[in-house]
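Visitor: What follows is a single structure, and I will ask about it in a moment.
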Amino acid sequence: MAAIILVSGLISILALGSAAYYNRYVVRQPRGTERMQEIQSYIRNGAITFMVEEAKHMSIAIVVIGAVLWALFYWEVAVSFWIGALFSMAAGFIGMNAATLSNAPTTEATRHSLARGLRVAFSGGSVMGLSVAGLAILGLVIVISLFRREFDPQTVHIQTKYLFGLKSAGVNFIKGALLVSAYSAGASLVALFDRVGGGIYTKAADMAADIVGKVEAKIPEDDPRNPATIADNVGDNVGDVGGLGADLLESFIGSIISVIVMALYIYVGRNNPGIGDILAKFGLSPEMGTSHYWWLVLMPLLIVAAGTLASWLGGLYIRNYRGEDPQRALSNGLVISAGLTAVFALVISLVAPTNLTPFWTVLLGLIAGVAIGKLSEYYTSYKYKPTLDLAEMNQAGPGVGVAGGLAVGMLSTFWPVLVLVAATVIAYQIGNLLGVAFTAAGMLSFVAMNVSIDSYGPVADNAGGIATMAELPREVRHRTDQLDAVGNTTAAIGKGFAIGSAAFAALGLIASYLWSAIGSANQVLPPQVPLIGRIAPQLSPTGSWIDVGPWVISGLMVGAMLPYVFSAILIRGVTRTADLLVLEIRRQFK
C-alpha cells in the first residue's frame, strides 16, 4: 500500500511541478506591443473577476453542505468533501491564471511562426491539464493516507448510521467508500458551478457579440469597435478552461472512485455467490491476503498516475514540434500519451498479483477513448467531409446552414455510441462490472493530455482576438485562425472523452449505489433491480429481479441515440433538397 501511495503521490507532485514550470515559461515570454498587453489585461481582469465572484458563492454552498455531512455522518466525510472542492477550485484558478497569461505571448509568438505559437499556447494549456491530474491524484492520496484505517482490510466492513437517531432513517455504507465518494462529490459540486456558470457566461457573451457585431453592425469578429469583444474572449476562458477542465476533473475522479468503491464492496462480499466469479476474472481468490487487497483497491490510482506521466511525456513531443500542422501535432501527442499509458498499464499488471485483466480493460478504455476522439475530430475538423459539406451548404443561406449543422451534430452520435456499447459489452465479458469500471479509468487515465489540448483552444482563440484588436498584420491573424480552428476541434474531442468515460463509470456507480442499500456482507451479490408488472416472469427467471449488466446501460444508450440519428436523416434530406432548390431558383432568377 505504501509503495503505491508513494509512487502516485510523487507523480502528482511531478505534474504540479511541471505545471509551475510551464506557467513560469509563459510568463517569461514577450507579450508584444503596449496595445496587446492592454487587451490582455482586460481579458485577464474579466476572467479573474468572474472566478472570484463565483468562488464567493461556491464557498457558501461548500461550507454549508460540508457542515450537513458532518452533522449527518462523520467529520471525516466533511473533510473529504472539502478537500475535493478545494482542489477542484484550485485547479480552476491555476488553469485560468495561466490561460489569461498565455494569450498575448501566443499572439507575439505567432508573429514569428506557427510552430512557436503552438508551443506557447500548448504550454499555457498544459498548466491546466497537469494541475487537473496532479491535484485530483494528490487529493485522493491525501484522503486515503489521512483515513487509512477506514480502508484497512482488517477493519473494512458495512456499517449503519441512523440519521437524526431514527431507526427508520438508517443508511448503510462502507466508510472508506463514503469518504472517497465525498471527495468526488466536492469536486463535482465545483464542476457544476464552473460548467454551468462558465457555460452561461461564455455563450451569452458569444451570442451578444455576434448578433450586434456580425449581424447588425456588419463588422468582423473580435473587432475593437464591438463592446462585447472583451466579454466574448473572457467567456472563452471561463467556459472552456475553467468549465471543461472542472468537468473533466470530476469525470476523472469519478472513474477512479467507481473502481475503488466497487473493489471495497467486492472484498467485503468476496465469499458470496457470484462475487467470487468477479475476483476470479482478475486472477484473485476470496482468500486473498493483505497485499492482494491493496492492489485490488489502489491499482486504479496507480494506473491513472502512470497515465499522467504518459501525458507529461506526450506533452514534450508537442512542445518540441517544429512542423506547420498543429492538428497533426496535437493528434500525435494524444496517441503517444495513450500508447505510453498502455505500456505502463501492462507493466503494472505484470507486477501486480492479478492476471492481465486490468491491462486488457484499461487498453479497451484507451482504444475506445482514442476512437471517440478521432470520430469527434472527423465531425468537427475543417479538414473532413462533414464540415466541408456544411460550409458549402451555407451558400444557400443561414437557415439551410443551421439545419445542416444540427443534422451533422445529431448524426455524429451514431458511431461514438456504438463504440461505447461495444467497449462496455467486451469489458463486461473480460472483467465483469469491475472490468467496466477499469475501462472508465483507462479512458480518462491520460486526462492531463486531454485537458491540456482542450485548454489550448481558448488560448489560441484569445490570441486571434488580440491580433485583430491590436490591428496586427493579416498574416498573423491567419496563423492564429489556424490555431483557433484546431482548438475548436480539440474542444469537441475533450467533450467526447468526458461523456464516454461517464457512460462507463455509470454502470459501476449504479452497482455501487445498489450495494449501498444492503446491511451486511452476505448481501453483497451481483446487483439486481426489481421488475414490476406482468412482464417480470418473461424477463427474469425469478419473476421479480433482473441483473444489472452491460445490456442495461447499452440498451439505454442505443435507445437514446436512435431518435437523434433518425431525426438527422430526415433533416439532412430536407437541407440537401433545399440546397439544390435554392441554387436552381437563383439560377432561374438570373
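The values are calculated or read from the model by the stated rules, or taken from the named source; none is laboratory data. Since we're looking at a predicted model, the values are computed, not measured. When we count neighbours, we look across all protein chains shown, and the Cβ atoms used for this are built from the backbone with ideal geometry, even at glycine.
Visitor: Going through the stretch 344-375 one residue at a time, which ones are over 19 Å from the mean Cα position of the chain (by Cα), without any contact (Cβ under 8 Å) to a residue 60 or more places away in the chain and closer than 21 Å to S251 by Cα?
Guide: Result: F359, single match.
Visitor: Go through the stretch 188-236 and give me each residue that's crowded, with 20+ Cβ neighbours inside 10 Å, over 21 Å from N97 (Cα atoms) and acidic (D, E).
Guide: The answer is D222, and nothing else.
Visitor: Looking at (1) part of a helix (DSSP H, G or I); (2) surrounded by fewer than 23 Cβ atoms within 10 Å (Cβ to Cβ); (3) of a type outside the set (V, I, T), find the lone condition where H112 falls short.
Guide: (1) is the only condition that H112 fails.
Visitor: Going by the conditions given, is A85 without any contact (Cβ under 8 Å) to a residue 24 or more places away in the chain, part of a helix (DSSP H, G or I), aliphatic (A, V, I, L, M) and touching a helix residue (DSSP H, G or I) at 6+ places or on another chain (Cβ under 8 Å)? Don't jump to the end; show me each part of the working.
Guide: Numbers: without any contact (Cβ under 8 Å) to a residue 24 or more places away in the chain: no; part of a helix (DSSP H, G or I): yes; aliphatic (A, V, I, L, M): yes; touching a helix residue (DSSP H, G or I) at 6+ places or on another chain (Cβ under 8 Å): yes.
No, not satisfied.
Visitor: Sticking with this one: Just checking, how many residues over the stretch 246-272 are over 12 Å from the mean Cα position of the chain (by Cα) and polar (S, T, N, Q)?
Guide: If we filter the stretch 246-272 for residues that are over 12 Å from the mean Cα position of the chain (by Cα), which is where we start, we get 256-272.
From what is left, the residues that are polar (S, T, N, Q) are 258, 271-272.
Total meeting the criteria: 3.
Visitor: Could you tell me whether E76 is in a helix (DSSP H, G or I), more than 25 Å from the chain's Cα centre (by Cα), farther than 30 Å from W295 by Cβ and not small (G, A, S)? Before you say what the answer is, go through the steps one by one.
Guide: Working: in a helix (DSSP H, G or I): yes; more than 25 Å from the chain's Cα centre (by Cα): yes; farther than 30 Å from W295 by Cβ: no; not small (G, A, S): yes.
Here the answer is no, as E76 does not meet what is asked.
Visitor: Taking the stated definitions as given, is R534 charged (D, E, K, R) and modelled with pLDDT of 75 or more? Can you show your working first?
Guide: Values: charged (D, E, K, R): yes; modelled with pLDDT of 75 or more: no.
For R534, the condition - charged (D, E, K, R) and modelled with pLDDT of 75 or more - is not met.
Visitor: Separate question: Which members of the stretch 271-316 meet the condition of being closer than 17 Å to G339 by Cβ and out of contact with any helix residue (DSSP H, G or I) (no Cβ under 8 Å at 6 or more places or on another chain)?
Guide: Answer for the stretch 271-316, where residues must be closer than 17 Å to G339 by Cβ and out of contact with any helix residue (DSSP H, G or I) (no Cβ under 8 Å at 6 or more places or on another chain): just L316.
Visitor: Follow-up. Condition (residue is at pLDDT 85 or above, closer than 17 Å to D223 by Cβ, assigned to a helix (DSSP H, G or I) and basic (K, R)) applied to the stretch 455-475: is it met by at least one residue?
Guide: For the stretch 455-475, residues at pLDDT 85 or above, closer than 17 Å to D223 by Cβ, assigned to a helix (DSSP H, G or I) and basic (K, R): present.
Visitor: Can you name the helices (runs of 4 or more DSSP H) wholly within the stretch 206-301 that have at least 2 residues being free of Cβ contacts under 8 Å to residues at least 24 places away in the same chain and touching a strand residue (DSSP E or B) at 6+ places or on another chain (Cβ under 8 Å)? If you could, list the steps in order and put the result at the bottom.
Guide: Values: elements: 229-237, 244-268, 275-281.
Those helices (runs of 4 or more DSSP H) do not exist here; none qualify.
Visitor: OK, next. Do you know which of the residues in the stretch 376-413 that are more than 18 Å from V574 (Cβ to Cβ) and without any contact (Cβ under 8 Å) to a residue 24 or more places away in the chain is surrounded by the fewest Cβ atoms within 10 Å (Cβ to Cβ)?
Guide: Looking at the filtered set, the residue picked out is K385.
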